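Some notes on the structure that comes next.
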Amino acid sequence: MERRPDTQPINHVATPLPPLFLATGTADKTVLPRNSRNLAARVREAGGTVRTAEYQGMGHIRTVAALAAPLRWLGPVLDDVDAFLESLPDAGS
């Protein structure tokens, strides 16, 4: 039995939806940037809140690695995640 559709987040968008931050590198070959864009569109269509960020020239590993303290110089990923979290309504609670 083919289970690939079950592995795709876009096939599991259902309410209620948590706020989402989707980060992708424009050079990502593991999760293509269009997948993040399509997921964001589906979430918005369902009434959810989503913020996307695309990091120019970065691939999958570099985007994730930029979250680590010694590698934050690779890109502003952590700052963008932090800004997103701070923007949520209950962030100050």
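The values are calculated or read from the model by the stated rules, or taken from the named source; none is laboratory data. For clarity, every value in this text was computed on a predicted model and none was experimentally measured. Note: ideal-geometry Cβ built from the backbone for every residue, glycine included; neighbour counts use all protein chains shown.
Scan the stretch 80-89 and give yes if some residue there is free of Cβ contacts under 8 Å to residues at least 24 places away in the same chain, farther than 17 Å from Gln8 by Cα and in contact with a Gly (Cβ under 9 Å, 6 or more places away or on another chain), otherwise no. Checked the stretch 80-89: at least one residue is free of Cβ contacts under 8 Å to residues at least 24 places away in the same chain, farther than 17 Å from Gln8 by Cα and in contact with a Gly (Cβ under 9 Å, 6 or more places away or on another chain).
Where helices (runs of 4 or more DSSP H) fall entirely within the stretch 9-93, those with at least 3 residues that are of a type in the set (D, E, K, R) and at pLDDT 95 or above are at 33-45, 77-87.
If only residues of the stretch 11-42 that are among the β-branched types (Val, Ile, Thr) and over 12 Å from the mean Cα position of the chain (by Cα) are counted, the one that is surrounded by the fewest Cβ atoms within 10 Å (Cβ to Cβ) is Thr15. I'm told Glu54 meets every condition in (1) touching a helix residue (DSSP H, G or I) at 6+ places or on another chain (Cβ under 8 Å); (2) acidic (Asp, Glu); (3) surrounded by fewer than 15 Cβ atoms within 10 Å (Cβ to Cβ) except one. Can you identify the failing condition by its number? All conditions are met except number (3).
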